[in-house]
Structure formats: structure tokens, C-alpha cells
């Protein structure tokens, strides 16, 4: 494990070189979030003071988007899939075939280092933004709920990474993977709850989405934090999320093993 801790250390140092890019991405990322919050405040302003949309009060709706931003900052894949695909196309993975370093764990360590660096830099602006809207921010019901939220958050990060890794493996078979990545991102953005909470959809459509991995990439951990998932529903959701993580992991492993059989590197 020592070599992978070293990879995380090197990854953090490398990411700190581009710390201004992380800060700029955070600040500009707050602009669409502000627009969405203003939109919902306008919607609620035309209703009674205690009105709800689906089951959400104004405070809960604003909390949802703030939490979605936090979850996204902690778990979202940032160009890892493009970098993996580039490594395959440029032959950079050859070195990992000759050394005792597992490429999947190598990339996972770089992913972790990227998230740690991003949160270290984004912590201050995100905290100030949340403090500004603190009257709307809903705290978890209790510490066990927060603990389960953290567990789900870790599973979400793994699911995000393994799915991106699996898509990047297509570079073994096609020259350009951008189309497939954009298609996956479009489905994820809509079906994971980035645009709106999934429980405002028709019940049949919401239930159907739970048979896909997308709700577990954002909506589910946010739902745990806000107390939307309880009892048997919470246990089933965590089990499904863990199963999707395992499926994505083994699918990524399978794609790597099949892809290596097609891989050829020329030159020295």
C-alpha cells in the first residue's frame, strides 16, 4: 500500500499546482447554483408561506441544492475518464504492465487526491455561501443519519469513479470516447437529481430510476441526509448502492482484461 500512498501524495502536489483553476471552477460553479435557487424562491413566493412543492418546503428545497453541490464536489469525476482514455491511446499504460502497480488503483488514488485538493480549496467559498443561506440550511436529524450519509457518500464516489473508468476502457476499441462519455453524463445529470429532486417525478418513473445506478450518484446520499430515506427503504437503498459499486468495479476489471488483449504499443 505504500506506493499508493505515495501516488496520493504526488497527486495532491500536482493538483496544488493548478489551485487557481480549482478556485475559479468553484466560484463560477456557484453562478448556476445561485440562478437555480433564485428560480425556486420565485416559485415559492407565489404560494402561501408554508407551501410545499411535492414534499419540499422552500428551506428544504434550498438545502437540497446546497447538499447536491457538496456531494458533487466530493464525488464528481474531474477529467479522470479523459485522462485514462488518453493514456490508452498514447500507450502510457505500457509502464503499468511491466511494474507492480495496478492501474485501476493508481487512477483511484489520483481521483482521491483530486477530490481532497478540490475540497481544500473550495471549502472557504462553499462555507461562506452556505453561511449566507444558513436560515434555509437543514441539519441532519441525528448523528446516525449523518454517519449513514457519509457511508453513502463514499459509495457514491466509488460508483462515480468506477463508471467513468469503465467508460474510458472503450478507448481500447474506439479512437474517440467523448461521445459515449457525453451520453453517460447527460443521463447522469438528469437522472441523478442534479436538475431537481427525483421524488417530484411521477412515482412510477421514480421507482424505475432506482433500478439504474444514476440516483445513487447524487440523489440517494442527499435523501439520507435530509431524512427522505428511512427504515427498510434506507437499508434497501444502501444495499442497491453497494451492489452497483461492485457491479461497476467488476465491469471495469472485465473491460480492462479484455482491452489488454487488444492493446499494442509501438516504439520505445
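The values are calculated or read from the model by the stated rules, or taken from the named source; none is laboratory data. In this text the structure is predicted, and so the values were computed from the model without any measurement. Here the Cβ is made from the backbone with ideal geometry for all residues, glycine too, and neighbour counts use every protein chain on show.
Looking at region 68-79, is at least one residue free of Cβ contacts under 8 Å to residues at least 24 places away in the same chain and more than 21 Å from residue 126 (Cα to Cα)?
Checked region 68-79: at least one residue is free of Cβ contacts under 8 Å to residues at least 24 places away in the same chain and more than 21 Å from residue 126 (Cα to Cα).
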Criterion violated by residue 108 - all others in (1) part of a helix (DSSP H, G or I); (2) within 30 Å of residue 35 (Cα to Cα) satisfied: (2)
What number of residues within region 174-202 are in a loop (DSSP other than H, G, I, E, B), in contact with a strand residue (DSSP E or B) (Cβ under 7 Å, 6 or more places away or on another chain) and either at pLDDT below 90 or surrounded by fewer than 19 Cβ atoms within 10 Å (Cβ to Cβ) (or both)? 0
Filter region 200-216 down to the residues that are touching a residue at least 24 places away in the same chain (Cβ under 8 Å) and in contact with a helix residue (DSSP H, G or I) (Cβ under 6 Å, 6 or more places away or on another chain) and list them by number. 213, 214, 215, 216
Looking at region 128-140, can you tell me whether even one residue there is part of a helix (DSSP H, G or I) and at pLDDT 90 or above? no
Out of region 105-122, which residues are surrounded by 16 or more Cβ atoms within 10 Å (Cβ to Cβ) and modelled with pLDDT of 85 or more? 106, 107, 108, 109, 110, 111, 112, 113, 114, 115, 117
What single numbered condition from (1) surrounded by 14 or more Cβ atoms within 10 Å (Cβ to Cβ); (2) modelled with pLDDT under 90 fails to hold for residue 166? (2)
Just checking, does region 67-83 include any residue being more than 29 Å from residue 239 (Cβ to Cβ) and at pLDDT below 85? yes
Enumeration of residues in region 141-159 that are in contact (Cβ under 8 Å) with a residue 60 or more places away in the chain and assigned to a helix (DSSP H, G or I): 145, 146, 148, 149, 151, 152, 153, 155, 156, 157, 158, 159
Taking region 217-231 and keeping only residues that are surrounded by fewer than 17 Cβ atoms within 10 Å (Cβ to Cβ) and touching a helix residue (DSSP H, G or I) at 6+ places or on another chain (Cβ under 8 Å), one is left with 227
